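Worksheet: the structure to be examined is printed underneath.
Bear in mind that the values in this text are calculations on the coordinates, not laboratory data. Here the structure is a predicted model, which means the values were calculated and not measured.
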Amino acid sequence: MVKHEKFSGGKSYGKRTPRYSRKLKSVYRSAALRSICYNSPIKDYYDHLIDEKKLTDQKARNMVARHIAKISLAIIKNGKKYKPYEKSKKILKEAAA
């Protein structure tokens, strides 16, 4: 990757290296978009962010992507199967009542 020199206000900002993997970012963002399309606990979480917390669509998708990243890291570390949060189930039951 070619580094470009970027100047703003007399400071150079172009020599910084990215602190994340662009490929992983695109994987998690596409996983978020895909999981929002189908009925799943992650879609329920997305709907909760949109309806209850009044987040914009873009912010809610970013939160879902971070949520998926957090879940996948926990699965890798612990080696256990994924179980949806009980807290999210309680929130959904209260919303339905």
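Given 0.36 nm per residue, what is the gain on full extension from Phe7 to Asp44 after removing their alpha carbon distance, in nm? If you can, show how the numbers build up before the last one.
Values: separation 37, 0.36 × 37 = 13.32 nm, distance 4.34 nm.
Full extension of this stretch gives 9.0 nm more.
Residue-wise HN-Hα couplings along the stretch 62-72, as the Karplus relation 6.51 cos²θ - 1.76 cosθ + 1.60 with θ = phi - 60° gives them from phi, are 5, 5, 5, 4, 5, 5, 5, 5, 5, 5, 5 Hz; Gly and Pro carry x.
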